[in-house]
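Asks: Would you mind keeping the following structure in view while I ask a few things?
The values are calculated or read from the model by the stated rules, or taken from the named source; none is laboratory data. Just so it is clear, the model here is predicted, and its values are computed rather than measured. No Cβ is skipped: glycine too gets one built from the backbone with ideal geometry, and neighbour counts run over all protein chains shown. These area figures cover heavy atoms from the full protein model, side chains too; ligands, DNA and RNA do not enter into them. Shrake-Rupley method; radii C 1.70, N 1.55, O 1.52, S 1.80 Å.
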Amino acid sequence: MLPSAGWAGADRLGTGGLLLSVLAATAPLMVVAGVMPTTFAVMGIVGQPLLFVVLGTVLVLFSLGYAEMSRHVHNAGAFYAYISRGLGGTAGAGAALVALVAYNSLQVGIYGIFGFEVSGLFATYADVEVAWWVPALAAALAVGVLGWLKIDVNAKVLGVLLVIEVLLVVVFDIAAVADPGKEGLSLHAFNPDTLTGAGVGTALCFCIAAFLGFEQAPVYAEETSRPHVLVPRVMFLAVAGVAVFFAVSSWALTVATGPATIVATSQEQSAGLLFFLTEDRLGSTFTDVLHVLFVTGMFAAMLSFHNVVARYAFAMGREGLLPAAFGRTTGSSGAPGTGSLLQTGIAVVLVLTFALTDDKPTGDPTAPVLHLFTWGGNIGALGVIVLMAIASLSVVVFFVRRGAAGAQAWRLVTSAVAGIALVVIAVYTVKDFDVLVGTGPDSALRWILPGVIGLALVTGLVQGAILRTRAPETHARIGLGNEAFQLEKEAERTP
């Protein structure tokens, strides 16, 4: 391993590679086949397409300030680096640990549904019974190996899977429009009246999880030649593209079944809704391919989140929030090798833990799989929502302290509006966590699971406060990244 103050893989990513790496985390097919039917079925909200438009608007408002911040701060620990610059090193330390826990939870959670789907494919097409945790562990090891390789190799893997995945969903969208249900090409799902009811707040929680990934662009800033140009460009392309794609695809689902029956059909078909609709319109071969791409799309998302976790660990190791070994890159590829090993180790341990609880006699052999997916996904989503809300405040404070409030006034307003909206979504997420993870309202898990994010935040804040008292030089470097290294070098050269 080589010590690395900066990023050994600088200039490796262009607009295309960065955009593909970011969009892969959104796992479009997993959202269309999994998140959308669940939202229709559980929440009973017909206006899901309008929700994607609303959330897309909120996240564009968030991105205006977040992207401007990226022009001033280039750090692989994006969220916590930005929060450190605006709210100080102690807040940054809290955000760093939240980010590490949240993205680990998102990544590991996908292993559950991935293993379950691959096991189902083996049973359906090869008549072979394979325990869900076998493909889950195999995927964890494969992702770990790719984490050691150059980012351009990862971008190619992510890109091929993503493009095919998106094309197949687009084919379905076209087929649905060409052969609509009994109600024809109805735009009823975009009617604001469809968003009335108690389930809207929780539906927002489901839908915002579908966007997660766009905010990762600044994580790769040190691996681009022009981060001040490429990072904002990719962020806006990602948010706008995801919002339009998901709004159209969820509308296509309502068109295929008819707005009046989308909720009932989703409740009947559950995660099989998309495959049920493609079987009727596009045939069994297309549906079989879609099943396979469903799996590869999840693999792409796992790889993308893995890369983000490794880079956060790298940034934290470089700045003293994790052991120094994490702040080094591998000599052969320039990848954050120790961070990659950390993420792989966590994934393997958690998959094995849930595998050991796979007690068939309980009558629900899928419970550990679904728990791993729903618990991990919702804990991670809550963490990222909290980070975005805090980052919105940080943007405002950062530019005010720099005396740029006048020049950046409209961005500060959009950041404040987005921050308020994100706080509301976070409150609904915690309030309705029992619905999100499928526990009863009296279950202790409804507080324990979101409490994981609260514990991470408090632990990080305590670490930051201790560093401020006992190691002020380390505390002062939090969020500075490579800039701190350059300042140290200049100080050493100064007589």
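Asks: Quick one: accessible surface of residue 302, probe radius 1.4 Å, all protein chains present, in square angstrom to the nearest 10.
Replies: Roll a 1.4 Å probe over it and residue 302 shows about 0 Å².
Asks: I've got another one for you. Could you give the angle, 0 to 90 degrees to the nearest 10, between helix 409-431's Cα long axis and the longest principal axis of the Cα atoms of the chain?
Replies: Compared with the principal axis, the helix lies near 60 degrees.
Asks: I'd like the projected area of region 77-169, averaged over all directions, using the convex hull of its alpha carbons. Report it in nm² with one decimal. The partial results should precede the final answer.
Replies: Details: hull surface 33.6 nm².
Over all viewing directions, region 77-169 projects a mean Cα-hull area of 8.4 nm².
Asks: Taking 0.36 nm per residue of separation and subtracting the Cα-Cα distance, what length does fully extending residue 57 through residue 474 add?
Replies: Separation in residues times 0.36 nm, less the Cα-Cα distance, equals 146.3 nm.
Asks: Now for a different question. If you stretched the chain out fully between residue 179 and residue 145, how much longer would it get, using 0.36 nm times the residue separation minus the C-alpha to C-alpha distance?
Replies: Using 0.36 nm per residue and subtracting the Cα-Cα distance, I get 7.8 nm.
Asks: Tilt of helix 367-401 relative to the longest C-alpha principal axis of the chain, in degrees (0 to 90, nearest 10)?
Replies: The helix 367-401 is inclined about 40 degrees to the chain.
Asks: Once both axes come from the Cα atoms, what is the angle between helix 48-70 and the longest principal axis of the chain, in degrees from 0 to 90, rounded to 10?
Replies: Between helix and principal axis, roughly 10 degrees.
Asks: Calculate the spin-label point distance for residue 236 paired with residue 289, positioning each point 7 Å from the Cα along the beta-carbon direction, and give it in nanometres.
Replies: In this crude spin-label approximation the distance works out to 3.5 nm.
Asks: Where does the chain land at 222 nm, in deg cm²/dmol rounded to the nearest 500, when only DSSP H runs of n ≥ 4 count, each adding -39500 (n - 2.57), divided by all residues? Mind dumping the intermediate values first?
Replies: Values: 17 runs with 341 residues, N = 495.
After summing the helix terms and dividing by the residues of the chain, the value is -23500 deg cm²/dmol.
Asks: How big is the C-alpha Rg of region 428-468 next to the rule-of-thumb value 2.2 N^0.38 Å, as a ratio?
Replies: Against the compact-globule rule of thumb, the ratio is 1.49.
Asks: Counting Lys +1, Arg +1, Asp -1, Glu -1, what net charge surrounds residue 121 among other residues with beta carbon under 14 Å of its beta carbon?
Replies: My count for the surroundings of residue 121 gives -4.
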